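Below is one structure; the comments refer to it alone.
The values are calculated or read from the model by the stated rules, or taken from the named source; none is laboratory data. Keep in mind the model is a prediction, meaning the values are calculated, not measured. Backbone-built Cβ (ideal geometry, glycine too); neighbour counts: all protein chains shown. We work out accessible area using only protein heavy atoms, side chains counted, and drop any ligands, DNA or RNA first. Shrake-Rupley method; radii C 1.70, N 1.55, O 1.52, S 1.80 Å.
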Amino acid sequence: ISRISKASAKQRGGRAGRQWPGRVVQLWTTQDELSMPEFETAEILRTDLTETVLFLKKWGDSDLEKFSWFENPSLEQLRKCEAWLEKIGALKDNKITTHGRELADIPVHPRVGQILKIADHFGAGPLGCDIAAILQERDIRTLGEHHAESDLIERLEMLDSRTRNPLIDTIRRASDQLQKWVHKQNADFSFELVAEIMLLASPDRLCKRRVAGQPRALMVGGRGVELNETSAVKKSEFFIALNLMESDNSKDTQIRMATGVPKNLIEKHFSNEFEKKSVISFDQE
């Protein structure tokens, strides 16, 4: 829930008036209205364009600034999408790669498709399908005791159980539909395997806690984030954010689901991106 624009408020009042004679009551103060934007931000400026960028690259459009958009996205948006696709090997020198074409052929968002490809590489394709389905469908979380530093483990265990309910059945069906894109070998899921798959699938969503045991953290690239109190990730110094939600009440992006990542996995896969710095400062006291 967030504030709408003045234009949207007026339009909604008009819609009500067309249905039946009556009165429109706007439940905010004049001061509130002064802080409302005049118009909504165009959808293309607030939408993740990664999938669109990948398809355009597949069709041969290398310079997306020259593409005839109905409304132009920001250059920053396009560069951010291209940088992520380059990082996961879907693009190279601004051209789509074989891996990128494979991702474009899977009927899911490239970030989800990357999970399938990484899991398949580890011989855990069906596990990747389960993770992808969990992240795409309505949440099945419970507020029970957590025994692993991962919000995925609890949900995977629910899928693995004999529990039957409409939400879990929907996720099972979604997972089954993705099976055609992976090999059928099975690997038992573990905290370490789930952490490694998610680290390699979403390295741009790696976060480091600001203070041990506290919910606030810093994401790769400098974004401030905060773990929801319901998350199972309570102690891990490093974790992958599985979803992001902007909040009107906090300057930090809110994370409802995450999975902890052992530091040795980060060193194993990204040792060339580590920097060591010595900082000298004077303490007056």
Output the residues belonging to the range 257-285 that are open to solvent by 90 Å² or more (accessible area, probe 1.4 Å) and either in contact (Cβ under 8 Å) with a residue 40 or more places away in the chain or among the β-branched types (Val, Ile, Thr) (or both).
Val279, Ile280
Need pairs with beta-carbon distance below 6 Å; first residue β-branched (Val, Ile, Thr) and within the range 110-127, second crowded, with 22+ Cβ neighbours inside 10 Å; sequence gap 6+ or separate chains.
Val112/Ala132; Ile115/Gly128; Ile115/Ile131; Ile115/Ala132; Ile115/Ala201; Ile118/Ile197; Ile118/Ala201
Please verify whether Glu33 is outside any loop (DSSP other than H, G, I, E, B), more than 30 Å from Ala132 (Cα to Cα), modelled with pLDDT under 80 and open to solvent by 60 Å² or more (accessible area, probe 1.4 Å), treating the condition exactly as stated.
no
Scan the range 79-95 and report the pairs whose first residue is touching a residue at least 24 places away in the same chain (Cβ under 8 Å) and whose second residue is outside any helix (DSSP H, G or I) and crowded, with 22+ Cβ neighbours inside 10 Å, with Cβ atoms within less than 6 Å and a gap of 6+ or a chain change.
Leu85/Leu91
Given the condition free of Cβ contacts under 8 Å to residues at least 12 places away in the same chain, under 28 Å from Glu86 (Cα atoms) and small (Gly, Ala, Ser), answer yes or no: does some residue in the range 237-253 qualify?
no
Scanning the range 154-189 residue by residue, those in a loop (DSSP other than H, G, I, E, B) and surrounded by fewer than 17 Cβ atoms within 10 Å (Cβ to Cβ) turn out to be Ser161, Arg162, Thr163, Arg164, Asn165, His183, Lys184, Gln185, Asn186, Ala187, Asp188
Qualifying positions in the range 63-98 - open to solvent by less than 100 Å² (accessible area, probe 1.4 Å) and assigned to a strand (DSSP E or B):
Leu91, Ile96
Need at least 2 residues that are over 26 Å from His121 (Cβ atoms) per element, so show me which strands (runs of 3 or more DSSP E) inside the range 193-265 make the cut, counting only ones lying wholly within it.
216-219, 224-227, 253-255
Show the residue pairs meeting these rules: Cβ distance below 6 Å; 6+ apart or different chains; first residue within the range 1-29 and of a type outside the set (Gly, Ala, Ser); second residue assigned to a loop (DSSP other than H, G, I, E, B).
Arg3/Met36; Lys6/Met36; Lys6/Glu38
